[in-house]
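Worksheet: the structure to be examined is printed underneath.
The values are calculated or read from the model by the stated rules, or taken from the named source; none is laboratory data. Since we're looking at a predicted model, the values are computed, not measured. Note: ideal-geometry Cβ built from the backbone for every residue, glycine included; neighbour counts use all protein chains shown. When the accessible area is computed, the model is the full protein with side chains, heavy atoms only, and any ligands, DNA or RNA have been set aside. Shrake-Rupley method; radii C 1.70, N 1.55, O 1.52, S 1.80 Å.
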Amino acid sequence: MLFRSNIALDTAGNIYGTTYQGGANKVGMVFRVDPSGNETILHSFNSGADGALPYGGVIVDSAGNVYGATTTGGVGGSGVVYKIDSTGNETLLYSFTGGAAGGSPYGCLVLDAAGDLYGTTQGGGEFDSGVVFKVRAARQGLNTYQVLYSLPSSYAGQPQTGVILDQAGNIY
């Protein structure tokens, strides 16, 4: 297995992470390690609609939901943003299509106080150099996706990292 990601820690001391390869289908998985060192595979990606090859790390909210992205797979073949609940059920929040909407997110996502997710893609956008995006998490059963900025190839193309938010909600 290839470990290439950030890890997250919840309030109970559990560690969460991804493997870029490995899992039941050899295209990545999400795992949890409890404070005693016991590992649980929460989800093995299958390279289909649920995504594959999670390069970036994961984040955990206060309810124990794990969020992340895959670089490939999904309906559009360009990766997905997913949520995995504490029992291991995966919910797809967005499936990248490439093109102007971006594709292949490599960096870790960030979560704001309202439950919205932010990240970057390595491809797509107006200049085919990636985008900064926002996924509004399900509220009243609706997920929305928004490209916030298309990265110009002249100086910032194809990011492999995510973004950070400051206290005022500014994205860097």
* Structure fact -> V30: passes all of (1) free of Cβ contacts under 8 Å to residues at least 24 places away in the same chain; (2) in contact with a His (Cβ under 9 Å, 6 or more places away or on another chain) but (1)
* Asked: Is the stretch 1-15 home to any residue that is within 20 Å of S104 (Cβ to Cβ) and either open to solvent by less than 10 Å² (accessible area, probe 1.4 Å) or in contact with an Asp or Glu (Cβ under 9 Å, 6 or more places away or on another chain) (or both)?
  -> no
* Structure fact -> Considering the stretch 95-137, residues that are open to solvent by 40 Å² or more (accessible area, probe 1.4 Å) and of a type in the set (F, W, Y), and then whichever is farthest from the chain's Cα centre (by Cα), we arrive at F127
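Being over 20 Å from V147 (Cα atoms) and under 13 Å from the mean Cα position of the chain (by Cα) is true for just one of T40, T91, T72, T87. Which residue is that?
Criteria check complete, one pass: T91.
Okay, residues lined up against (1) surrounded by fewer than 23 Cβ atoms within 10 Å (Cβ to Cβ); (2) more than 18 Å from T19 (Cα to Cα); (3) in contact with a helix residue (DSSP H, G or I) (Cβ under 8 Å, 6 or more places away or on another chain):
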| residue | (1), (2), (3) |
| --- | --- |
| S44 | yes, no, no |
| D50 | yes, no, no |
| Y55 | no, no, no |
| A63 | yes, yes, no |
| T72 | yes, no, no |
| G79 | no, no, no |
| T87 | yes, yes, no |
| L93 | yes, yes, no |
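Residue by residue through the stretch 16-25, note down the ones that are part of a loop (DSSP other than H, G, I, E, B) and either at pLDDT 95 or above or surrounded by 15 or more Cβ atoms within 10 Å (Cβ to Cβ) (or both).
Applying the first criterion (part of a loop (DSSP other than H, G, I, E, B)) to the stretch 16-25 yields 20-25.
Y20, Q21, G22, G23, N25 - these are the residues of the stretch 16-25 that are part of a loop (DSSP other than H, G, I, E, B) and either at pLDDT 95 or above or surrounded by 15 or more Cβ atoms within 10 Å (Cβ to Cβ) (or both).
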